[in-house]
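Participant: Before we start, here is the structure in question, set down as structure tokens.
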Amino acid sequence: MSLVNDIMQSMEYGPSSEDASAARDWLARRGTFGHFINGSFTTPGQVFDTRDPSTGDMLARVTQGAAEDIAAAVKAARKAQKSWANLSGTERARFLYAIARHVQKRERFLSVLETLDNGKPIREARDGDIPLVARHFYHHAGWAELCDTQFPDHAPLGVCGQIIPWNFPLLMLAWKVAPALAAGNTVVLKPAEYTPLTALAFAEICQEVGLPAGVVNIVTGDGETGAALVAAEVDKIAFTGSTEVGRGIARALAGTGRKLTLELGGKSPFIVMEDADLDAAVEGVVDSIWFNQGQVCCAGSRILVAESVAERFEALLRARMDRLRVGAPLDKSTDIGAIVDPIQKDRILSICKAATDAGADLVGGQPQDSCFIAPGYLKNIAPANPGMQQEIFGPIATLSTFRTADEAIELANNTRYGLAGSVWSESATVATDMAARIKAGVIWINCANMFDAAAPFGGYRESGYGREGGHAGMLDYLAAPGPKNGGEGKLKPLDAVTDATAAKPQGIDRTAKMYIGGAQKRPDGGASYAVPGGLAPLGSRKDIRNAVEAASKAGKWAAMGGHARAQVLYFLAENLAARADEFAARTNKREVEAAIDRAFHYAAWADKFDGRNVQAKPGHLVNTIPEPMGIIGIACPNRNPLAGFLSLVLPAIAMGNSVVAIPAQNDPLAVADLYQVLDTSDVPAGVVNIVTGARDALAAHLALHDEVAAMWYCGTPEGQASVDQAASGNLKPVWSVAHRDWTGNDAQGQDFLNHAVRQKTIWLPYGALPSGSGSAAY
Amino acid sequence: MTQNPGTDLRTDWFADLRINTPAVERRAATLPTRRSLKQDHQAAWLLNAVRCIDLTTLAGDDTPDRVARLCAKARQPIAAELLEAMGVSGLTTGAVCVYPTMVGPAKRALGNSGIPVASVATGFPAGLMPLDLRLAEIRYALDQGADEIDIVITRAHVLQGNWVALYDELRAMREACGAARMKAILATGDLKSLENVARASHVAMQAGADWIKTSTGKEGVNATLPVSLVMCRTIRDYGMRTGHKVGFKPAGGLRTAKDAISWQVLMAEELGREWLTPDLFRIGASSLLGDIERQISHHVTGRYAAAHRLALA
């Protein structure tokens, strides 16, 4: 019997290893790497090993970046930034285009290098990561070209510090570097310590294309190097990685005024409705949690299946899982490669153990020699089990059931995260409804883990904030036109008043109250403080609690639609106008006019602040939809008490948010007079809640509240720092609102609306007939 | 190999069928990229494909001598010296496939080689003849010595959702086939939607088809991987319900050695290795064999063969 004959009996696949010689030659030639600073590689310093996780073999030595290295890189980036930004869009586009071309020319080399360093299957690096890297640079070459016309009066932020993870090393580099450069920023990027090699290869590409020195700087190292970058004098930090590290960065940046975007962890739901194509859904699981060894922040790791089809779904899932091949990453027939590092492997196994200790059953998922773990899933698992709450970041999903669509949504949203969600249903009616109701930044209908440079990607909740890709992604690397952040003078001392002598009653005594849930409420503490015109209630933590509670019950405001909200805002303008003289007496005529203008302005926007249809891939309907944040906490400036308040509250509610607002601390009574206007204008109870009192203390309470989704703060640097600090708890985005004349023209506009929403990207592949049938989809 | 006895018509087995076409396209597009075969393994898989080929001529100008030439190729599909170099002997194609009037010449040409003769029948390719004539054609082919019958279905029954008519027609054909094994050609290019393909597959298996086959080779679109994937999944489901293994035959779209590998990967990954034998997998093809032989020649000699150096089918 010959070998060929034997194989004809067994029909085994046999080994099929990708040729790694070019990458290995490069590593042998380079051996030890310094940083890439100001256009050239530095002399290697203190080095650490980077290894092939599938074998444990050392691949190269790279330098541990110290604070001085970061400082040198930031200095180089700062020096290069002005002239980079001063290039025309076309000139920047040519560099990005050249980078894309060079990535493509070295596609095989980069794929192999990525697989060696990371352990992912060569098929995924070859067909996934690297083509997407090239696509990202092509797409952003276009944004560089169009930046001036599409983002008029916007300016680059300056120097961006970027910290990326190890799961998609070069792709995450592309996601960070391409938009930053397109917008005219320069960057200092720190790749993950496990996977620095493709970033260093990318540095060579920057040299090859003649990118001006200092535009891209790469400093390798571990978390300490990252911390040094966070502490450096940069204008923005963009971080992708774990939620815990992200929280630390948010704290570190509190009060610095530096921009921050975070793309963090996830525990994304994967919902299989009873009318789903179950085979398609099973394949979706393969593309989700059994992709990249499950080391995917947006992986559909919580599978929720309709009870009526759960048995068949699991049978199909199990059979499919059994055919996955775990093995050498460089083998072209490998489905599941190596976990990136033994530490990660241990982490995965420990969460699985905690899950099984708590009563779940693990199917498959057994550890193997070296850094390998077989694909698996946890069944008989409920939300109370840690395995269903924690991000496992390995090839292990959870599998549980639901009865009805509302229960599926309840389970799907029962998580601190909100990165992505996947819905499987052959009903457009059902699927689009589910997509709307899942609280996450990316929804895949009948597909999973689809990415494209044009499709914004990013999270809700503790999955972070900011978007990468497309129009929304560009906005996060640009400064919108607006006033420079000035000050607002001193807050007047605020003392609780125990007797009523401070206020001189005129006519029938009026008592200013707070406004919570559509009703005027006395402060929980029963105290007031003296303000111009009388006494204002002195709000406390408990009033904030009650106001947030009321805001969370605002009900249908978001769902009633832009047109209906516009009607309410027009009505508000009408009622304000009717009482213009009275408000002018509290403030002045100019402020009242501005207030009415705001109502008209945001009534106009309410049904026009549209999402986009994204040109991601043919055959895919990809839409971005601006969704309200939920509850926005707003701390208002002292200047222009009425106009300032409405300039902030109206854009927020126009977009469907409910708000808890702290009016001007020094002079809140004009706002107290608004309650009746809100009532008579049909603003539903709970949409606007107002707590008067000590702004910074109340704002900190708001920022601490996990139910509050975002904070807008316009006040003092100290107050800003404490709000930033408090907001890091549930990672709510904080908009530091610049002081300005709130009766002026720059106190309204799209920048306000951009902060009032977050983009949800929904993918919907279509196609009635298969390929060859003339469908436009293929 | 036992025949598929079929079942009563069970429309409930496919009433709730859901097929997401883009998802099928994605799976079909990535399947061949997930598995790679090199060197001896690639050669072995290519030879296995040869073993599964129904070497076919279904042309208006077929003559007994033309069919005899095809049969000679079926008996020696790969040059003897190439097979010898790989230590493989006794390799033939899975069958030859011809029109009913060519069954006699094919039988004579194949002699005692053991290679079965498959005959198309039932008014191939359109199938729009009176049922009694279609059944008579089956009997004629059997009488000529056909071992297997490739029947075509009435596409109208599928397009109109008339499952009873489709089932009854297939049952009658099955009975007419007697001991011969029956392949049911669904003409998927005419059925268009993947749901239609899946429903027709179920009815054909319920009526006792031993293989379900994609195409006549005469439709606008013939065998494609997405359609094949859908049919394979119905074979899996029918097997889960009845315990019977039904075979699959893609026809008319496979031309390159790469195609031969892709379809075999599909069978192995979606149904299992058992579906890599001629009992459960056939490829309806003519030009495919030539490309496989070229690849085999390269594997053995290190040179790419010119077409004129390989024996014509």
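Participant: Filter segment B:7-21 down to the residues that are in a helix (DSSP H, G or I) and either more than 7 Å from every other protein chain (Cβ to nearest Cβ) or over 20 Å from B:Met267 (Cα atoms) (or both) and list them by number.
Facilitator: Hits for segment B:7-21 are B:Thr11, B:Asp12, B:Trp13.
Participant: Would you be able to say whether some residue in segment B:144-158 is without any contact (Cβ under 8 Å) to a residue 40 or more places away in the chain, within 22 Å of B:Gly60 (Cβ to Cβ) and in a helix (DSSP H, G or I)?
Facilitator: The answer is yes; a qualifying residue exists.
Participant: Does B:Ala49 count as within 11 Å of chain A (Cβ to nearest Cβ) and farther than 26 Å from A:Met8 by Cβ?
Facilitator: No, not satisfied.
Participant: Can you tell me which residues in segment B:218-248 are polar (S, T, N, Q) and within 13 Å of another protein chain (Cβ to nearest Cβ)?
Facilitator: Those that are polar (S, T, N, Q) and within 13 Å of another protein chain (Cβ to nearest Cβ): B:Asn222, B:Thr224, B:Ser228, B:Thr234.
Participant: Then there's this: Pick out the one residue from B:Phe248, B:Phe281 that is touching a residue at least 40 places away in the same chain (Cβ under 8 Å), under 12 Å from the mean Cα position of the chain (by Cα) and either buried (at least 20 other Cβ atoms within 10 Å of the Cβ) or within 25 Å of B:Gln3 (Cβ to Cβ) (or both).
Facilitator: B:Phe281 is the lone residue from the list that is touching a residue at least 40 places away in the same chain (Cβ under 8 Å), under 12 Å from the mean Cα position of the chain (by Cα) and either buried (at least 20 other Cβ atoms within 10 Å of the Cβ) or within 25 Å of B:Gln3 (Cβ to Cβ) (or both).
Results for (1) among the aromatic types (Phe, Trp, Tyr); (2) out of contact with any Lys or Arg (no Cβ under 7 Å at 6 or more places or on another chain); (3) more than 28 Å from B:His202 (Cβ to Cβ), shown as yes or no for each residue.
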site	(1), (2), (3)
B:Trp13	yes, no, no
B:Asp16	no, yes, no
B:Ala23	no, yes, no
B:Ala29	no, yes, no
B:Pro32	no, yes, no
B:Leu37	no, yes, yes
B:Asp61	no, yes, yes
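Participant: Among the listed residues A:Trp712, A:Trp735, identify the single one that is modelled with pLDDT of 95 or more, closer than 30 Å to A:Ser540 by Cβ, surrounded by fewer than 24 Cβ atoms within 10 Å (Cβ to Cβ) and not polar (S, T, N, Q).
Facilitator: A:Trp735
Participant: Would you check which residues across segment B:175-189 are surrounded by fewer than 24 Cβ atoms within 10 Å (Cβ to Cβ) and either in contact with a Lys or Arg (Cβ under 7 Å, 6 or more places away or on another chain) or within 18 Å of B:His157 (Cα to Cα) (or both) and list them?
Facilitator: Scanning segment B:175-189 gives a single hit, B:Ala176.
Participant: Continuing with the same structure: Identify the residue in segment A:433-450 that is surrounded by fewer than 24 Cβ atoms within 10 Å (Cβ to Cβ) and closer than 12 Å to A:Cys298 by Cβ and, among all such residues, is nearest to the other protein chains (Cβ to nearest Cβ).
Facilitator: Out of the qualifying residues, it is A:Met450.
Participant: For segment A:158-193, name all the residues that are of a type in the set (Gly, Ala, Ser) and buried (at least 24 other Cβ atoms within 10 Å of the Cβ).
Facilitator: A:Gly161, A:Ala174, A:Ala178, A:Ala180, A:Ala182, A:Ala183, A:Gly184, A:Ala192 - these are the residues of segment A:158-193 that are of a type in the set (Gly, Ala, Ser) and buried (at least 24 other Cβ atoms within 10 Å of the Cβ).
Participant: For A:Glu707, work out the one condition from (1) modelled with pLDDT of 95 or more; (2) crowded, with 20+ Cβ neighbours inside 10 Å; (3) not hydroxyl-bearing (Ser, Thr, Tyr) it doesn't fulfil.
Facilitator: (2)
Participant: Continuing with the same structure: Considering segment A:317-333 alone, what residues qualify as being without any contact (Cβ under 8 Å) to a residue 60 or more places away in the chain, within 9 Å of another protein chain (Cβ to nearest Cβ) and of a type outside the set (D, E, K, R)?
Facilitator: Matches in segment A:317-333: A:Ala319 only.
Participant: Let me ask another. Quickly run through segment B:21-31 and pick out the residues that are crowded, with 18+ Cβ neighbours inside 10 Å and closer than 22 Å to A:Glu12 by Cβ.
Facilitator: Listed by number, the list holds a single entry, B:Leu31.
Participant: Still on this structure, I have one more. Being over 28 Å from A:Glu627 (Cβ atoms) and buried (at least 16 other Cβ atoms within 10 Å of the Cβ) is the filter here; which residues of segment A:560-575 pass it?
Facilitator: A:Asn575
Participant: A follow-up question, please. Could you tell me which numbered condition B:Ile78 fails, if it satisfies all but one of (1) facing chain A (nearest Cβ under 10 Å); (2) among the hydrophobic types (A, V, I, L, M, F, W, C); (3) part of a loop (DSSP other than H, G, I, E, B)?
Facilitator: (1)
Participant: Assess whether B:Asp54 counts as being charged (D, E, K, R) and surrounded by fewer than 21 Cβ atoms within 10 Å (Cβ to Cβ).
Facilitator: Considered against the rule, which asks whether it is charged (D, E, K, R) and surrounded by fewer than 21 Cβ atoms within 10 Å (Cβ to Cβ), B:Asp54 comes out as no.
Participant: Got a sec? Which of B:Ala28, B:Ala80 is within 30 Å of A:Ala125 (Cα to Cα) and either modelled with pLDDT of 95 or more or touching a His at 6+ places or on another chain (Cβ under 9 Å) (or both)?
Facilitator: B:Ala28
Participant: A further question on this structure: Where in segment A:1-107 are there helices (runs of 4 or more DSSP H), lying wholly inside it, with at least 2 residues that are without any contact (Cβ under 8 Å) to a residue 12 or more places away in the chain, more than 30 Å from A:Cys371 (Cβ to Cβ) and within 14 Å of chain B (Cβ to nearest Cβ)?
Facilitator: It comes to A:3-10.
Participant: Moving on. Kindly provide the set of residues from segment A:373-418 that are β-branched (Val, Ile, Thr) and crowded, with 20+ Cβ neighbours inside 10 Å, ordered by number.
Facilitator: Once the filter is applied, which keeps residues that are β-branched (Val, Ile, Thr) and crowded, with 20+ Cβ neighbours inside 10 Å, segment A:373-418 yields A:Ile373, A:Ile381, A:Ile392, A:Ile396, A:Thr398, A:Thr401, A:Ile409, A:Thr415.
Here's the yes/no breakdown for (1) of a type outside the set (Val, Ile, Thr); (2) within 14 Å of another protein chain (Cβ to nearest Cβ); (3) touching a strand residue (DSSP E or B) at 6+ places or on another chain (Cβ under 8 Å); (4) not in a loop (DSSP other than H, G, I, E, B):
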| position | (1), (2), (3), (4) |
| --- | --- |
| B:Pro5 | yes, no, no, no |
| B:Val24 | no, yes, no, yes |
| B:Ala44 | yes, yes, no, yes |
| B:Glu84 | yes, yes, no, yes |
| B:Ser89 | yes, yes, no, no |
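Participant: Something else now. Step by step: first the residues of segment A:738-772, then only those that are over 18 Å from the mean Cα position of the chain (by Cα), buried (at least 19 other Cβ atoms within 10 Å of the Cβ) and within 14 Å of chain B (Cβ to nearest Cβ), then the one that is nearest to A:Gly255 (Cα to Cα). Which residue is that?
Facilitator: The selected residue is A:Leu764.
Participant: Among the residues of segment A:288-309, write down those that are part of a helix (DSSP H, G or I), within 22 Å of B:Glu270 (Cα to Cα) and in contact with a Phe, Trp or Tyr (Cβ under 9 Å, 6 or more places away or on another chain).
Facilitator: A:Ser288, A:Asn292, A:Gln293, listed by residue number.
Participant: How many residues are within 25 Å of B:Arg181 (Cα to Cα), touching a Leu at 6+ places or on another chain (Cβ under 8 Å) and assigned to a loop (DSSP other than H, G, I, E, B) when one looks only at segment B:247-270?
Facilitator: Counting residues in segment B:247-270 that are within 25 Å of B:Arg181 (Cα to Cα), touching a Leu at 6+ places or on another chain (Cβ under 8 Å) and assigned to a loop (DSSP other than H, G, I, E, B) gives 1.
Participant: Is it the case that some residue within segment A:272-290 is of a type in the set (Ser, Thr, Tyr), touching a residue at least 60 places away in the same chain (Cβ under 8 Å) and surrounded by fewer than 24 Cβ atoms within 10 Å (Cβ to Cβ)?
Facilitator: Taking every residue of segment A:272-290 in turn, none turns out to be of a type in the set (Ser, Thr, Tyr), touching a residue at least 60 places away in the same chain (Cβ under 8 Å) and surrounded by fewer than 24 Cβ atoms within 10 Å (Cβ to Cβ).
Participant: Report every pair of residues separated by at least 6 positions or lying on different chains whose Cβ atoms are under 7 Å apart, first residue within segment A:221-233 and over 15 Å from A:Ala250 (Cα atoms), second polar (S, T, N, Q) and at pLDDT 95 or above.
Facilitator: From segment A:221-233, the pairs are A:Gly221/A:Gln64; A:Asp222/A:Gln64; A:Thr225/A:Gln64.
The values are calculated or read from the model by the stated rules, or taken from the named source; none is laboratory data. Bear in mind the structure is a predicted one, so any value in this text is a computation, not a measurement. Cβ coordinates were reconstructed from backbone atoms using ideal geometry, including for glycine residues, and neighbour counts include every protein chain displayed.
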